[in-house]
Each structure stands twice: as C-alpha cells, then as structure tokens.
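Below: the structure, in structure tokens.
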Amino acid sequence: VEDPHHPPHAYATYTSNDINFHSNHIMMNRLLPITVALATLHGVCDAFVTNRPGGFHAVMSFPTNSKLRSQILDFIEPSTGVQVKLIGAMHYNPASIQLATDTINQLEKEGKLGSIIIESCDIRWNATLENEFVQDQLMSEMRAAHDLGLLYERPVVLGDQRINITVSQLKNGAKEAVLDLVQPWNGGWNRLYDSVSTARKEAVPMGEGFLGIDSFFDPKLMTAAPVSLLKYPLSYFVRSPVFSIIVLCFFILSGGVDDANALSDLTPTDLAESIFFSALETVIFARIFLKELLAERNEILAENIFEQCRNYAADKGNVWDKLFQPAGDKSNGAIYAPDSVVGNSAEEGKVVVAVLGLAHCNGIKKIMTEGK
C-alpha cells in the first residue's frame, strides 16, 4: 500500500528474483548423480514464483503484516545505550529476505535506521560482486540489506571475519580435534569435551531472551526452505565451479552415494564400525562448527556491531570532546562495503541492524549484553 505522504520510490521493497535454472540443470545433469532430487526441488520452488507485469519475475513476497518476527532479537547495548536489532536469516530464503527488507524499510520510515552490518567479509563480498549471475539471480538477505543501505545512504559494514582467517582456523581446529581424539590417555578426550561444551554455551545459549527452536522451524521459513536448498549450494557452484565439482566427485567416490542394497549387505561388525566412525566424524564436526564457525566468528561480528553503536551513543564524552572534536566515524577498524557511506557520530537515536545467519544471533546477543 502506497504511503500518500511519501513518493513510491522512497521505500523500496526488494524481493528475490525468479530462479532461472533451466540452462543450469542441463549442465548439472552431467555432473550430479542426484538429478531427480534437484528437479523435484526445482519444481517445488516454482510454486513460489509468480509472473508479474512487464516480464519481471520474483519470488512471491509475504504480506507486509507477516507474523514472521520470531527471527529478530532486540536489545540495548549496555555501554552505549544504543538499540541493536539482530535479524536472523536462513540464507537465500525468500521469507528471510522479506523480513530483512520489511524491517529495514520500517526503521528508515521511522527515521531510526543506523548502520547495517552484514555477515560477510570484504573478500567474500567482492567475489560476489564480480559474478553477475550471483548478483542478479541469487538474491540473498544480505544483498537486499546492502542495497537498501546504499539506497538510504546508511553505513553498510562487512562485519564478518575474513574468509582466509576462518579457513585457517578451521584447518587448525580439525587438526586439534583429531589429535585429541587419538590421545585419550593424554587428556585429549577431556580437552575435546571441554572445548565443545564451552563453545556450545558461548555460541548457542538457550533460555529466555534468546531465539528458540520455533525460530528455526517457523512454518513460513520452512515452506520457503526448498529455495534455500537450491540457491545456497548453487551460489558456491557458480563462484567456484571447479572446486565444487572436485568436492562432489570426492563425495561420490568416497561412498557418499551408496547402492540401495548396500545397507542390507552389512554385517554386524561392519555396522558397528560404520557407527563408530560416524560418531568420530560427528564429534570433529561439532568441534569446528561450534568453536571455529560460530563462537570465534561471533566475537568478530559482535565487535563490529559494537563499534557501530559507538557512533550513535547519546553520551559521546565530556563537554570538551563534544565542542572541539569533529564529528565523524568513531568506530575502529570498520570495513565498509564499496560505495557505502561511513559512520557519523553526529547522529543519535538510531538503531544498529545486523543481518546474520540464525545460528549466530543468540551467541552475539550473549556477548554484547554481558559486556564482553
């Protein structure tokens, strides 16, 4: 519904584009042994697509009065008194895109929109900008938030840890987990347990004030999940086709796609062995997922959100500072998206918005509200 007090162009509503994968399916049919499954998912995704006048195709947007608000965490950053809004997303999910879009548009309409932090680093973001297909066809919640930030001339911060650091830490984490697993006599199992347990408490806190299981399994989010299941892996395939093919071939050759009768041929010993190694793989995955992928990155994301809060703090220092220090960006080490404006400490009463994966929200709120 158009607001009579504002021109139609003032508050843009971004929706993700139609998944035009017909040509890509032809290519993937030759590469993947799961063509039927992909085709089925694609058919499900088509149910979300609607043709619009003028030849424009877009994934069906949810109504503006949507009740999908269980993926948002609101709180006040204690040291600055600035309101922070964490928007949890299922990456590439149309429902998450709409939620991020509606929230940012509403804050801008109210004159409260401050900085926008997105879960990406400069390396990953620049790689995305270099690929036109990813930009045009694989719309994500982070891209929608970025575009609105540029439209409204608000600071857009690439707040995630740089991908090369994350990859290095993943390798080190996996190595440490394996060494601990094979050295139970040297306290390895205790170290591994403590590491997983501590990371779980820090990265995925539960209870009042945090997102619950219902946030992850919201009906609207789950209904649109097939779109994410296609777009997310396809985004990696488009950006790194050679690497993706190597991973897929390794998965197939290592037995990732088994014969339908393979399970019936297993002996009890084979089954026990399979369960044992699956348990080991699960422990290693839990270690690197909770610690390197969540807890450590949460600290970086929380720090960058906090630095933007400093720009909008009501108390910016003593009278001398207010009179003689020029207004400007008070954040430290912020990496802004290309073409974005930088933060400005002359503004007050703004809300800092962060668009993140759902799994990051609780841990980041815990870090920020506990003053860490």
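The values are calculated or read from the model by the stated rules, or taken from the named source; none is laboratory data. Only a predicted model underlies this, so the values are computations on that prediction, with no experimental measurement involved. Cβ: placed from backbone, ideal geometry, glycine included. Neighbour counts: every protein chain shown. In case anyone asks, the SASA skips ligands and DNA or RNA and just uses the protein heavy atoms, side chains included. Shrake-Rupley method; radii C 1.70, N 1.55, O 1.52, S 1.80 Å.
For the reader, a short list of remarks on this structure follows.
- Taking Met90, Met368, Met222 and ordering them by how much accessible surface each has at a 1.4 Å probe, largest first, produces Met222, Met90, Met368.
- Cα-based shape type of the stretch 182-229, given that a ≥ b ≥ c are square roots of the gyration tensor eigenvalues and the cut on a/c is 1.5: oblate
- Dipole check for the stretch 265-308: with +1 at the C-beta of Lys and Arg, -1 at the C-beta of Asp and Glu, and the Cα centre as origin, the magnitude is about 100 Debye.
- Lys372/Asn186 FRET efficiency (R0 45 Å; Cβ-Cβ; nearest 0.05): 0.90
- Sequence ranges 185-198, 168-181, ranked by mean other-Cβ count within 10 angstrom, highest first: 168-181, 185-198
- Pairwise label distance in nanometres, Ala314 with Ile213, each label 7 Å out on the Cα-Cβ vector: 4.0 nm
- Shape of the stretch 145-201 from the C-alpha gyration tensor: prolate (a/c of 1.5 or more and a/b above b/c, with a ≥ b ≥ c the square roots of its eigenvalues).
- The stretch 147-199 - charge dipole about Cα centre, Lys and Arg +1 at Cβ, Asp and Glu -1, debye rounded to 20: 180 debye
- Protection proxy ranking of 352-361, 71-80, by the mean of other Cβ atoms within 10 Å over each peptide's residues and highest first, is 352-361, 71-80.
- The stretch 87-161 - charge dipole about Cα centre, Lys and Arg +1 at Cβ, Asp and Glu -1, debye rounded to 20: 200 debye
- The distance between label points at Ala279 and Ile335 comes to 4.1 nm (points 7 Å beyond Cα on the Cα→Cβ vector).
- Stretchable slack from Ile123 to Val178, in nm (0.36 nm times residue separation minus alpha-carbon distance): 16.9 nm
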